[in-house]
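Reviewing the structure listed below.
Values in this text are rule-based calculations from the coordinates and carry no lab data. For clarity, every value in this text was computed on a predicted model and none was experimentally measured. Using ideal geometry, Cβ is built from the backbone for each residue, glycine included, and neighbour counts are taken over all protein chains shown.
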Amino acid sequence: MKVNKADIVISAVSPAQYPNTGLPEIALAGRSNVGKSSFINTLINRKGLARTSSKPGKTQTLNYYIIEDKFYFVDVPGYGYAKVSKTERAKWGEMLETYFTQREPLKAALCVIDFRHPATADDKQMYEFLKYYGIPVIVVATKADKISKSKWNKHMKVSKESLGFDSADDFVLFSSETGEGKEEAWKLIEGYLNKKS
């Protein structure tokens, strides 16, 4: 998809604030600092639309980005960041659960993991949660450029095993530095956007 128009619409904390346009939504879930913002920016060819932060745990809302007036990317709060209080984490958990289990226009979720390391317990929990609720999942393994290509197969095996990956799902190697996986990610996302529900 060639993107000429992309904007952040709202940072929502409750269903009352979600857009009611009925446009399809693609959610991005992943650990703080895993590269979700860089993923969005790379896909839409814009440097700073999705704000990347050196301080993990900054996204504490559901950030809605409207793309070409056709659909939304929804960046959900990053998980697994230790400096966030338990109460805060419980609030996020509730917000995510409400969104993922009740949001009609949601077409698929991108489960974003760091390709350099095995999936964390939080990654696994998120992936299993999405699977449990029957939400179509695309696993996006970011920072692929940090691993030499000769080791990709080995890392992919580790990523999939640690995640408990279901081979029926899609797995995309991605790098915001090199653009690796950009075309493939778009193809998969467009497949879900064009699916009749």
Would you list which aspartates and glutamates come within 15 Å of residue 157, measuring only between C-alpha atoms, while excluding same-chain residues fewer than 8 positions from it?
-> 114, 166, 169, 170
Amide H contacts of residue 113 (H built 1.01 Å from N, under 5 Å, at least 5 apart or other chain) = 140, 141, 142
Amide H within-cut-off set for residue 71, under 5 Å, with H built and near neighbours excluded | none
Calculated [θ] (222 nm, deg cm²/dmol) that DSSP helices of n ≥ 4 give over the chain, each run adding -39,500 (n - 2.57) | -9500 deg cm²/dmol
Could you name the lysines in cross-link range of residue 86, using Cα to Cα under 26 Å and dropping any fewer than eight places away on the same chain?
-> 36, 55, 58, 124, 131
Starting from the Cα gyration tensor of the chain, multiply each eigenvalue by 5, take the square root, and state the resulting semi-axes largest first in whole Å.
-> 23, 20, 17
Sequence of 170, 69 once ranked by neighbouring C-beta atoms within 10 Å, starting from the fewest | 69, 170
Per-residue ³J(HN,Hα) for the range 152-163, Karplus 6.51 cos²θ - 1.76 cosθ + 1.60, θ = phi - 60°, Hz, x for Gly and Pro = 4, 4, 5, 5, 5, 4, 4, 4, 5, 5, 5, 8
Largest first and rounded to whole Å, the semi-axes √(5λ) derived from the alpha carbon gyration tensor of the range 68-128 read 22, 17, 11
So which of 5/195; 154/196; 149/187 end up more than 31 Å apart by C-alpha?
-> 154/196
Built amide H within the under 5 Å cut-off of residue 28, gap 5+ = 74, 75, 76, 110
If you rank 155, 117 by fewest surrounding Cβ atoms within 10 Å, what's the result?
-> 117, 155
What is the Cα radius of gyration of the range 96-186 over 2.2 N^0.38 Å, N being its residue count?
-> 1.10
May I ask you to evaluate 6.51 cos²θ - 1.76 cosθ + 1.60, the Karplus curve with θ = phi - 60°, for each residue of the range 191-196 and list the ³J(HN,Hα) values in order in whole Hz, giving x for glycine and proline?
-> x, 6, 5, 8, 6, 7
What are the ³J(HN,Hα) values, in whole Hz, obtained from phi via the Karplus relation 6.51 cos²θ - 1.76 cosθ + 1.60 with θ = phi - 60°, for each residue of the range 123-138 in sequence order, with x given for Gly and Pro?
-> 4, 4, 4, 5, 4, 5, 4, 4, 5, 4, 8, x, 8, x, 10, 10
